[in-house]
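The values are calculated or read from the model by the stated rules, or taken from the named source; none is laboratory data. Given the structure is predicted, the values throughout are model-derived calculations rather than measurements. Cβ placement follows ideal geometry from the backbone for every residue including glycine, while neighbour counts extend to all protein chains displayed. The protein model used for the area step is the full one, side chains on, heavy atoms only, and it has no ligands, DNA or RNA in it. Shrake-Rupley method; radii C 1.70, N 1.55, O 1.52, S 1.80 Å.
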Amino acid sequence: EHHAVRRRVGLFDIGHMGRLNFEGPDVLPWIESLTTNAVARLTPGAIQYSLLLSSEAGILDDLLVYRMPSGAYHIVCNASNRDRVVEQFLSHPAPGEARLLDDTRATGMIAIQGPQAVDVVAAWLPDESARRVIDLAYYHVATASDRDGRPLEISRTGYTGEDGFEVIMDASECLAVWTTLLEVGEPFGVKPCGLGARDTLRLEAAMPLHGHEISEQIDPYTGGVGWAVKLDKGEFLGRDAARLAKQRFTA
């Protein structure tokens, strides 16, 4: 499975990841107040890696913040930390009109990873959607439809160190999409892959995993992810402690 992703293309069911959607006119300041990266810099269709810190600058989770082409904000977080991420937002209410919708159980998520991921997408999607997705820059997202008209959110992201895409769809459509991807990917040597291969791939690519290289007991600078902390963006939870941690780390 590891070599299939490195040499051809692999398919991962990553439905366990947390998928949180946000609604309301005051979503931006809410997410800014709790995450470390500069959310305001996101243009529609862009994604950023960010962190959720404790007040002592321990890493509660690392996550991806999406700004959808529509302008809406989504967050994908780690499965084991999803309840904690939701609780962190709910315990620090929005400074206005905003709400969080936990859509994890209502949706599915599949990763297409490897040097031939583009070929699989081109064979899977109708021409207009395929072009839109294949033209995505790294860490960007687009909406698309497959040949059966299923609505999809497809991002050029992954956790393997290879080129690839991550697809979010309605949970009721997940099995059909998975089966179709295996069928259209067969000429390219697609292989269904499990989380063991995902772990060896991300480790080989030097991508941190929460609970291992980063955790609540590790600050961002010690954990090697301080680049995702923008101390100059304004107030956010854990900012003062993060500034002290940076001073200690660079002393």
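Miscellaneous remarks
- Each residue of region 209-217 was assigned a 3J(HN,Hα) from its phi angle through the Karplus curve 6.51 cos²θ - 1.76 cosθ + 1.60 (θ = phi - 60°); the sequence is 10, 5, x, 10, 6, 10, 6, 5, 8 Hz, with glycine and proline shown as x.
- For LEU60, the residues 5 or more places off, or on other chains, whose built amide H falls under 5 Å of its own are LEU52, LEU53, SER54.
- Between the alpha-carbon centres of region 1-65 and region 151-167 there is a gap of 13 Å.
- Charge dipole (region 73-142, unit charges on Cβ, about Cα centre) - positive-most of PRO95, ILE110, VAL120: PRO95
- Gain upon complete extension [ARG248, ASP83; 0.36 nm per residue less C-alpha separation]: 56.3 nm
- Rounded percent of accessible protein surface that carbon and sulfur make up, the chain, 1.4 Å probe: 52
- Spin-label proximity, ALA205 to region 141-180 - amide N less than 14 Å from point 7 Å beyond Cα toward beta carbon: 155-167
- Between region 174-251 and region 84-126, the alpha-carbon centres lie 15 Å apart.
- Entry for the chain at q = 0.13, 0.14, 0.15 Å⁻¹: log10 I(q)/I(0) = -0.81, -0.94, -1.06, Debye formula applied to identical alpha-carbon scatterers, no solvent contribution.
- Cβ crowding within 10 Å averaged over residues, with 96-105, 114-123 ranked highest first: 114-123, 96-105
- Straightening the chain between ARG105 and SER54 buys 15.7 nm, computed as 0.36 nm per residue apart minus the Cα-Cα spacing.
- Folded to 0 to 90 degrees: helix 174-185 orientation relative to the chain principal axis, Cα: 60
- Of MET169, MET207, the residue with the largest accessible area leads and the full order is MET207, MET169 (1.4 Å probe).
- Using only alpha-carbon positions in region 67-165, the gyration tensor eigenvalues give semi-axes of 29, 16, 12 Å once each is multiplied by 5 and square-rooted (largest first).
- Rounded tilt (10° steps) of 239-250 against the dominant C-alpha axis of the chain: 90
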